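A short write-up of the structure that comes next.
The values are calculated or read from the model by the stated rules, or taken from the named source; none is laboratory data. All values reported here derive from a predicted model rather than from experimental measurement. Every residue, glycine among them, receives a Cβ derived from its backbone with ideal geometry; neighbour counts consider all protein chains shown.
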Amino acid sequence: MQARYWLALQEGDRLWCTSGTGWAKSVWNVILGPWSLGTEIFFHEGAFDAAERFDLISRYDINLTVYDGYGQTENTLLVGNFPGLDVRPGSMDKPSPAAT
């Protein structure tokens with residue numbers, strides 16, 4: 001549900017989730033959900049470098065709109081910026097449909 005409704009992924013997309021992959025939540029959000037929709041997953045283990053990240057996005061044709069969100073391993077996504085909603089600086093926006 002998160003891959004489809006929060007990240008708006010579909011077959012042929014390439015996703016790069018820049019959050020840490022050492023948590024069980026990453027398996028659901030970053031691997032299983034996107035793969036179930038036919039989305040390719042991109043991984044990069046380097047430290048944060050803004051210029052390098054913009055280069056990687058361009059070089060590997062990552063078509064990932066940035067969606068901010070908050071959740072935990074125990075309950076996955078709780079609130080997030082969803083497709084079609086205006087992004088409000090400083091806000092994670094709306095509760096996940098599964099969280100209400």
State whether one or more residues within the stretch 16-26 are touching a residue at least 60 places away in the same chain (Cβ under 8 Å) and not acidic (D, E). no
So, first residue touching a residue at least 40 places away in the same chain (Cβ under 8 Å) in the stretch 47-69, second residue exposed (fewer than 13 other Cβ atoms within 10 Å of the Cβ) and part of a loop (DSSP other than H, G, I, E, B), Cβ within less than 7 Å, six or more apart or across chains; the pairs are L56/H44
Checked pairs for the stretch 76-97, first farther than 26 Å from T21 by Cβ, second part of a loop (DSSP other than H, G, I, E, B) and at pLDDT below 85, C-beta under 9 Å and 6 or more apart or across chains, list as L85/D93; D86/D93
>> Scan the stretch 43-62 and tell me whether some residue there is modelled with pLDDT under 85, part of a loop (DSSP other than H, G, I, E, B) and surrounded by 13 or more Cβ atoms within 10 Å (Cβ to Cβ).
In response: no
**Message:** When you check L77 against the structure, is it among the hydrophobic types (A, V, I, L, M, F, W, C), buried (at least 17 other Cβ atoms within 10 Å of the Cβ) and at pLDDT below 85, yes or no?
**Reply:** yes
inquiry  = One residue is enough: does the stretch 48-64 have a residue meeting the conditions touching a Phe, Trp or Tyr at 6+ places or on another chain (Cβ under 8 Å) and of a type outside the set (A, V, I, L, M)?
reply    = yes
